[in-house]
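**Student:** My questions all concern the structure below.
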Amino acid sequence: MKRVVITGMGVISPVGNSLPAFWDSLKGGVCGVGPITKFDTADFKVKVAAEVKDFNAADFGMDVPTQRRMDLFTQYAMAAAKQAVEDSGILGAVDPERFGVYVGSGIGGMNTFIEQNNRLNQRGPTRVSALFIPMMIANMAAGSIAIKYDAQGPCLPTVTACATSTHAAGEAYRAIAHGYADAIIAGGAEATINPLAVAGFTTCMALSLETDPLKASLPFDARRAGFVMGEGSGILVLEEYEHAKARGAKIYAEVAGYGNTCDAHHVTAPRPDGSGGARAMKQALEQANYTAGKDSLYINAHGTGTKLNDSSETTAIKLALGEEDAKRARISSTKSMTGHMLGAAGAVELIASALALQNGVIPPTIGLEQPDPDCDLNYTPLAAQEAHADVAVSLSLGFGGHNGAVALRRAED
């Protein structure tokens, strides 16, 4: 097994469209939730979302013709990938045939789907765009990134709902660790703040109906009543350690473990005993050689703010670590600030985990003023805390019972 490290990161998010802006927002407990501006919510129960703000694709090298050929989720992915690739300095330093892309999306080009369906209904079949299919399909972010950076190696977009980009990063880690690539651009992207998606998630009773943005996304709080829709993209460059070291690349953290399990229980609800998530976390931590009582641990929880998720995730953490070690762990849900970015969430939270290790700061769970007695661990309420963790694990739990966990170790000097 080869060692794998993170050498570049990029983010488009509701709390910042660059790595420094994103991290400053997390440290400062900035809430990215606000009134929905992308469509008229007069007939909708849900009034708030965590929208990406001030995004201009041209700022990331995409001219107008290019933008017209890409759904918004692909634009977000391309923007985050540009940041990550430039941050890593990987271009020109890796064999194209050893350079891969593992970038997924939970839903893909839903905005394009809606637009073209409206064309079909209003103007007839001949008015549907020839670009409809390549803009809509969920693998196109990965394909577009590979074309842009001449990445001719393994290209494997994942689609596992809210666990999508955690699995993308985890599978990229495995591919590099087993020698199939020297570097892989990994992550996810999502752009689904539109009437159809919001209506669908509302009718399956997943979204918060709170109209106050500061009270809408409340992971682990007794008042929580659903998640807040988010959007954006998180992209990381994962690289084989010796390859990175030989070219003098900076290293944010080492990717040291990955767990992938399924609840096999229900299409939306997590397994109540938390066993599936616990096994994924345990697999990742065992591979990372995590030692209870010796290594200090930070957990970036899935923490959606739904009743079932947060209680079952608390159970999963205790099951994976044991009661005593679970109470020692520092935990937070950055979804309290970013909302739930669906297929992009895992990669964005892995970026937050790497920055937490690098900077010795645990981002907070904002809004956590009334802790649920069933969620009785240290969820870093309200404000960031200084703490030097040795290991971080990011946990994602997706519809369909998909569980993913990626463990990081703090980069050694």
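**Student:** Are any residues in segment 142-160 surrounded by fewer than 20 Cβ atoms within 10 Å (Cβ to Cβ) and of a type in the set (A, V, I, L, M), and if so, which ones?
**Tutor:** Selection gives I147, L156.
**Student:** Please indicate, with yes or no, whether at least one residue in segment 210-219 is touching a residue at least 12 places away in the same chain (Cβ under 8 Å), open to solvent by less than 10 Å² (accessible area, probe 1.4 Å) and β-branched (V, I, T).
**Tutor:** no
**Student:** Right, something else. Return the residue satisfying two criteria in turn: it lies in segment 250-268 and is assigned to a loop (DSSP other than H, G, I, E, B) and under 20 Å from N403 (Cβ atoms), and of such residues it is least open to solvent (accessible area, probe 1.4 Å).
**Tutor:** D263
**Student:** Same structure again: Just one of R224, R247 is open to solvent by 10 Å² or more (accessible area, probe 1.4 Å), in contact (Cβ under 8 Å) with a residue 24 or more places away in the chain and among the basic types (K, R); which is it?
**Tutor:** R247
**Student:** Name the pairs: first residue in segment 33-57 and touching a residue at least 24 places away in the same chain (Cβ under 8 Å) and over 13 Å from S208 (Cβ atoms), second residue polar (S, T, N, Q) and part of a loop (DSSP other than H, G, I, E, B), Cβ to Cβ under 8 Å, at least 6 apart or on different chains?
**Tutor:** Taking only residues 6 or more apart or on different chains, the pairs are P35/T41; K38/N194; F39/N194; E51/T37; V52/N17; K53/N17; D54/N17; F55/N17.
**Student:** Please determine, by comparing only the residues of segment 265-286 that are charged (D, E, K, R) and in contact (Cβ under 8 Å) with a residue 60 or more places away in the chain, which one is nearest to A392 (Cα to Cα).
**Tutor:** R279
**Student:** Where residues in segment 284-303 are farther than 12 Å from D325 by Cα and part of a loop (DSSP other than H, G, I, E, B), which of them is nearest to the chain's Cα centre (by Cα)?
**Tutor:** H302
**Student:** Can you name the condition, by its number, that V11 falls short on among (1) part of a strand (DSSP E or B); (2) at pLDDT below 95?
**Tutor:** (2)
**Student:** Look through S217, S165 and report the one residue that is modelled with pLDDT of 95 or more, of a type outside the set (F, W, Y), within 19 Å of the chain's Cα centre (by Cα) and not in a loop (DSSP other than H, G, I, E, B).
**Tutor:** When all the criteria are applied, what remains is S165.
**Student:** While we're on this one: Restricting to helices (runs of 4 or more DSSP H) lying wholly in segment 306-413: which have 3 or more residues that are open to solvent by less than 10 Å² (accessible area, probe 1.4 Å)?
**Tutor:** In segment 306-413, 307-321, 335-338, 345-359 are the helices (runs of 4 or more DSSP H) which contain 3 or more residues that are open to solvent by less than 10 Å² (accessible area, probe 1.4 Å).
**Student:** Could you check how many residues of segment 1-55 are of a type outside the set (A, V, I, L, M, F, W, C) and more than 27 Å from S88 (Cβ to Cβ)?
**Tutor:** Summing the residues that are of a type outside the set (A, V, I, L, M, F, W, C) and more than 27 Å from S88 (Cβ to Cβ) in segment 1-55 gives 11.
The values are calculated or read from the model by the stated rules, or taken from the named source; none is laboratory data. These figures come from a predicted structure and were not determined experimentally. Backbone-built Cβ (ideal geometry, glycine too); neighbour counts: all protein chains shown. Ligands, DNA and RNA are excluded from the accessible area calculation, which covers all protein heavy atoms including side chains. Shrake-Rupley method; radii C 1.70, N 1.55, O 1.52, S 1.80 Å.
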